[in-house]
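Read through the structure below, which is laid out as structure tokens, and then see the notes.
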Amino acid sequence: MTRDALRCTVNETVRGVWCALLTPLDRSGGVASARMLAHARRLLDEGVDGVAPFGTTGEGQSFSVAERIDGLDALLAGGIPPSKILAATACAAFPDTVALTRHAVAAGCIGALVLPPFFFKGIDDEGLYASYAGLIDGVADPRLRLYLYHIPQVTAVPVTPVVITRLRAAYPGVVAGLKDSAGDLAHSRALAAQFRDLSVLVGHEPHLPAMLAAGGAGTVCGVANLYPRLVRRLFDTAGTAAGPDALAEMSNLLNILLDYPLLPAMKALQATLTGDEGWQAVRPPLAPLAAGIRREMEDRLRRSGMIAAQSTSPG
């Protein structure tokens, strides 16, 4: 297929409040697909606009290609509309990224969220461009909507404006947006100013109101797993008199949560909020939050009003 043919024909873009899904595990350590489906349904019912499975929050790099395909298929078979799914498809192995992205496109997902190559460090713009261009050529489907994923504190490979500009010139309409999880508000604002027709989404929730004012499209974030209505309120009240209260509540939550190993802490808190201790399980190399540390975190959240007084973790 020629590059001229690789023009996306889908008009929808990712905007609003999207949840970077946590991945529940079963007792054998596999993906608990039924629980993930129930979780996604609940989030949509509570005001989230869509879900992004198997990203950073979802421990995506700890799961095989087959597990990620099966997990996405379970969401679709369970009635989650593909227009509500932004599939995280990046892998260390390039052919695996192509395979997962093809599957997401064939399934009709609104887009594919793709990290840069993240094992080899010191990658220059030429190498980064070649990787994304190779993915687009390898998928070879005009329905592809690509969302670049900038999280350099994890990958050590930034997605640069030079690469974004070059990809957009070579593949018009394919790059639909970018998730900026660097936690640098000035950088996010600069992206929104330079690429006004792209959906620039933030991962750091407190930056959401400022980014909406700067032309940002919304958020793909982890806190929506735990407090979807708070993230919805942060989005809906941005720029209004009620906005500062929502922002203060979000900042208060993160000031506590970020003191602990983030993914184990989020899963432990999810277990407490839902009453389902199965949520605490994580895939190695991550380890569950130690009981004493979990109690300390939850005591702080309880005193801040983020956990009801009657909600307690076991032990």
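Calculate the translational D of region 259-315 in whole µm² s⁻¹ from Stokes-Einstein, where the hydrodynamic radius comes from the Kirkwood formula applied to all Cα pairs, the temperature is 25 °C and the viscosity 0.890 mPa s.
218
Please list the non-local residues whose amide H lies under 5 Å from the amide H of Val159, H modeled 1.01 Å from N, same-chain partners needing a gap of 5 or more.
Ile151
Select from Leu86, Val157, Leu44 the residue farthest towards the positive end of the dipole of the chain; place +1 on Cβ of Lys and Arg, -1 on Cβ of Asp and Glu, and compute about the Cα centre.
Projecting each Cα onto the dipole axis, the largest value belongs to Leu44.
For the chain, with only Lys/Arg (+1) and Asp/Glu (-1) charged at the beta-carbon, what is the dipole magnitude about the Cα centre, in debye rounded to 20?
It comes to approximately 240 debye.
Going by amide H atoms built from the backbone, whose H comes under 5 Å of the H on Ala90, apart from near neighbours?
The answer is Leu115.
Please give the net charge around Ala88, taking every other residue with its beta carbon less than 10 angstrom from that of Ala88, where Lys and Arg add +1 and Asp and Glu add -1.
+2
Using θ = phi - 60° and the Karplus relation 6.51 cos²θ - 1.76 cosθ + 1.60, list the HN-Hα couplings for region 81-88 in order, rounded to whole Hz, with x at every Gly or Pro.
x, x, 5, 9, 10, 9, 7, 7
Collect residues whose amide H, placed 1.01 Å from N in the peptide plane, falls under 5 Å from the amide H of Ile85; neighbours closer than 5 in sequence don't count.
Under 5 Å from the amide H of Ile85 lie the amide H atoms of Val51, Ile110, each far enough along the sequence or on another chain.
Each residue of region 139-152 in turn: what ³J(HN,Hα) in whole Hz from Karplus with 6.51, -1.76, 1.60 and θ = phi - 60°, glycine and Pro shown as x?
Computed from phi, the couplings for region 139-152 are 6, 6, 9, x, 7, 4, 10, 9, 10, 6, 10, 9, 8, x Hz.
I'd like the Karplus ³J(HN,Hα) series for region 262-272: coefficients 6.51, -1.76, 1.60, θ = phi - 60°, whole numbers in Hz, and an x wherever there's a Gly or Pro.
For region 262-272, the Karplus curve yields 4, 5, x, 5, 5, 5, 5, 5, 4, 4, 5 Hz.
Evaluate the relative contact order of the chain (contact order divided by residue number), counting alpha-carbon pairs under 8 angstrom at least 6 apart; express in whole percent.
18
If the cut-off is 22 Å between C-alpha atoms, which lysines fall inside it for Lys121, apart from same-chain ones fewer than 8 positions away?
Reachable lysines: Lys179.
Bear in mind these aren't lab numbers, they're just calculated from the coordinates by the rules spelled out. This one's a predicted model, so the numbers in the text were calculated from it and none came from an experiment. Please note: Cβ atoms are built from the backbone with ideal geometry, for glycine as well, and neighbour counts cover all protein chains shown.
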